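All remarks here apply to the structure that follows.
The values are calculated or read from the model by the stated rules, or taken from the named source; none is laboratory data. Computed from a predicted model, the values in this text were never measured in an experiment. Neighbour counts run over all protein chains shown; Cβ positions are idealised from the backbone, glycine included. Just the protein is used for accessible areas: all its heavy atoms, side chains included, with ligands, DNA and RNA removed. Shrake-Rupley method; radii C 1.70, N 1.55, O 1.52, S 1.80 Å.
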Amino acid sequence: MILGMSAFVYRLDGTNTYVSKNKIEGQKVQSIHVHVSMVNTSDELDIEKFKCWREDYAKAQFITEDNGKFMVGREIEKMSKSKYNVVTPDDICNEYGADTLRLYEMFLGPLEQAKPWNTAGISGVFGFLKKLWRLYFDENGLIVANDEPTKDNLKSLHKTIKKVAEDIEGFSFNTSVSQFMICVNELSAQNCHSRAILEPLAILISSYAPHIAEELWNQLGNSGSISTVDFPILDEKHLVESSKEYPVSFNGKMRFTIELSLDLSVPEIQEIIMKDERTLKQLDGKTPNKIIIVPGKVINLVG
């Protein structure tokens with residue numbers, strides 16, 4: 001069930017005067033549902049729309065905030081025409097596109113749970129799709145190249161393949177959308193434009209955002225529909241950690257971190273740590289009584 005965010009205006013008892021939310025203290029008021037289309041994401045009522053909504057509101061008086069704005073109250077309730085909190089899908093599609101609507105509905109939460117609809121959240125999903133597009137295009141057109149992907153590129157992609165495959169089996173679509181966002185952020189930070197990464201990514205997201213995925217597939221020079229392409233194959237070797245960011249402690253207090261290969265032996269780790277400028281500064285010419293190294297976990301110098 002999707003719950004709607006209802007909006008209320010407050011009318012002074014026995015009058016045709018309406019009071020902004022922050023001005024009702026000490027007043028006897030009656031709360032009245034108002035259509036959510038008249039309220040922006042900052043909870044500000046469009047007074048002129050409200051006056052035109054019904055004939056008996058045409059001559060209404062308004063006690064506004066000091067800045068002239070009229071703020072409404074909000075409450076989460078079951079979507080209902082009588083509460084004027086129903087959001088029309090066509091309006092969302094016209095403004096943001098059908099893919100944004102699909103992704104946002106899946107992103108709200110698990111299918112079996114009641115979920116509050118908040119139109120303000122749609123802009124975040126819309127922004128994600130624009131960021132996805134910028135992996136493939138800039139102002140001059142397509143920027144996807146046949147560059148060899150880096151280890152980080154492959155790790156980001158295969159983490160997403162694994163997560164999305166598991167989530168589809170478990171009908172956990174909201175966490176898939178979260179993973180898409182993480183992946184796009186990582187690939188953007190890595191400045192990845194490799195076809196070997198971005199083509200499978202388009203296939204992964206095609207079940208969630210079919211329209212943009214179909215366009216990406218076509219622009220990448222592929223024939224046929226992306227919906228007929230096989231799901232990308234997971235390669236677990238790209239998920240194996242090759243390095244570890246060790247916390248380096250002195251007498252149990254962590255002073256800095258250092259990233260080291262997991263293939264290093266204890267003597268090799270100790271040699272690197274003892275030559276590190278930060279270690280030399282902490283020791284200040286002293287020799288530690290004991291050096292505790294747990295491969296893949298911690299480094300601690302004692303004494």
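Quick notes on this one:
- For Glu268: the one exception among (1) out of contact with any Phe, Trp or Tyr (no Cβ under 6 Å at 6 or more places or on another chain); (2) charged (D, E, K, R); (3) open to solvent by 30 Å² or more (accessible area, probe 1.4 Å); (4) in contact (Cβ under 8 Å) with a residue 12 or more places away in the chain: (4)
- Residues that are under 39 Å from the mean Cα position of the chain (by Cα) and among the basic types (Lys, Arg), drawn from the range 259-286: Arg278
Conditions tested, residue by residue: (1) under 30 Å from Gln113 (Cα atoms); (2) under 22 Å from the mean Cα position of the chain (by Cα); (3) surrounded by 14 or more Cβ atoms within 10 Å (Cβ to Cβ).
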| site | (1), (2), (3) |
| --- | --- |
| Val164 | yes, yes, yes |
| Cys192 | no, yes, yes |
| Ser225 | no, no, no |
| Leu239 | no, no, no |
| Lys253 | no, no, no |
| Thr257 | no, no, no |
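- In the range 282-303, residue least open to solvent (accessible area, probe 1.4 Å) [restricted to those that are at negative phi and in contact with a Lys or Arg (Cβ under 9 Å, 6 or more places away or on another chain)]: Leu301
- Check on Gly124, over 30 Å from Tyr10 (Cα atoms) and not in a helix (DSSP H, G or I): no
- Selected residue (criterion: farthest from Asp99 (Cα to Cα)) from residues of the range 228-237 that are under 25 Å from the mean Cα position of the chain (by Cα) and either surrounded by 15 or more Cβ atoms within 10 Å (Cβ to Cβ) or at pLDDT below 95 (or both): Leu234
- Residues of the range 11-43 satisfying the condition of being hydroxyl-bearing (Ser, Thr, Tyr) and either open to solvent by less than 40 Å² (accessible area, probe 1.4 Å) or under 26 Å from the mean Cα position of the chain (by Cα) (or both): Thr17, Tyr18, Ser20, Ser37, Thr41, Ser42
- Candidates are the residues of the range 45-82 that are open to solvent by less than 100 Å² (accessible area, probe 1.4 Å) and in a helix (DSSP H, G or I); the one that is nearest to Asn22 (Cα to Cα) is Ile47.
- Residue match in the range 96-117 (condition: loosely packed, with under 13 Cβ neighbours inside 10 Å and assigned to a helix (DSSP H, G or I)): no
- All of (1) open to solvent by 40 Å² or more (accessible area, probe 1.4 Å); (2) more than 24 Å from Glu148 (Cβ to Cβ) hold for Gly221 with one exception: (2).
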